[in-house]
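So the structure is just underneath, and the comments pick up after that.
The values are calculated or read from the model by the stated rules, or taken from the named source; none is laboratory data. Values in this document were obtained by computation on a predicted structure and should not be read as measured data. Here Cβ is always computed from backbone atoms with ideal geometry, including for glycine, and neighbour counts include all displayed protein chains.
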Amino acid sequence: MIRLMRRINSSHPWNGRCTHRIWSDPILTMQPIIESLSKGMVTTVFMTTSDWKLLSKSYPVSLSPWEKQKRDSFASSSARVHFLAGRWLCRMILTTYLKRSEIELMVTEDGKPYSPLIEAPYFSISHSHHWVSVAFAQEVELGIDIEQLNAHHHVNEISERFFTTDEHSRVLNLGTGEFFRIWTQKESWAKATGKGLFNILSRKEETMEPVSPPATFIRYDVDPEYACCLAHEGPLRTYSGWRLESTGESCPVPVVLPAPLPVTSTPFPGR
């Protein structure tokens, strides 16, 4: 049995749920997500690795030879889980939206995922510890990055080396959370442009120019222990956010998230 659930008004994003209708088909369960993408909304879907482990048993997906080779190349089991969960979530959305049984996923030399058989929607995948996220858009290239607020990283040293003077000052004053909020902006923009994170970080402050066309950054507060940012070129658009959960019967349940917040500060001086 598959339950479609919508969040009602609540101070916490996961509280105050109510059952909306009972479905018996996983494709129908995914329909609210597909509808938001069909309407041209920038659509982001989040899932925990624990939910993936349950859902993938009931709804397995096939991997290409390249993906199997990539999976086997990871030394740690957690890296394999992140890779598989991200590919599973991306395929679940794309095959349902495009009404296909299979879809091939590849990566560019810079690591940007794409499907060689489709031009749209564009998509971006990110993962960190317990969370996986995939963002989709019909008309613009985009990037998403999610990071756990890990205090064990040498955030002050990293920000001093790679961030602007103002950004480094904010990290010193506000701490680990601010570091990862800035970092996710930079990495999501690197993914959106396909330029690679190193090229973004290596740009010296005195030589950086304003971004053209303008960049838009959107922040999702999916978990208080994580920072997440979505980036794309151009002005603000309409956005839709979801969390895909598993019920006790290992069925996918999309739960709508609170509206994301635009980020006013950007990681580019001169704007």
PRO32 versus (1) closer than 19 Å to TRP131 by Cβ; (2) part of a helix (DSSP H, G or I): which is the lone unmet condition?
(1)
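Do we find that GLU119 is in contact with a helix residue (DSSP H, G or I) (Cβ under 9 Å, 6 or more places away or on another chain), surrounded by fewer than 24 Cβ atoms within 10 Å (Cβ to Cβ) and modelled with pLDDT under 95 in this structure? Quick ask: steps written out before the conclusion?
Details: in contact with a helix residue (DSSP H, G or I) (Cβ under 9 Å, 6 or more places away or on another chain): no; surrounded by fewer than 24 Cβ atoms within 10 Å (Cβ to Cβ): yes; modelled with pLDDT under 95: yes.
Against the criterion (in contact with a helix residue (DSSP H, G or I) (Cβ under 9 Å, 6 or more places away or on another chain), surrounded by fewer than 24 Cβ atoms within 10 Å (Cβ to Cβ) and modelled with pLDDT under 95), GLU119 does not qualify.
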Residue count, the range 201-240, condition at pLDDT 65 or above, over 19 Å from the mean Cα position of the chain (by Cα) and farther than 25 Å from GLN138 by Cα, comes to 1
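I need the full set of residues from the range 35-83 which are assigned to a loop (DSSP other than H, G, I, E, B) and either touching a Lys or Arg at 6+ places or on another chain (Cβ under 8 Å) or not aliphatic (A, V, I, L, M) (or both), in order please. It would help to see each step written out before you state the result.
We begin by selecting, within the range 35-83, every residue assigned to a loop (DSSP other than H, G, I, E, B); these are 39-41, 59-64, 74-76.
Selection gives LYS39, GLY40, MET41, TYR59, PRO60, VAL61, SER62, LEU63, SER64, PHE74, SER76.
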How many residues does the range 168-196 hold that are of a type in the set (A, V, I, L, M, F, W, C), farther than 17 Å from GLU225 by Cα and over 15 Å from the mean Cα position of the chain (by Cα)?
1
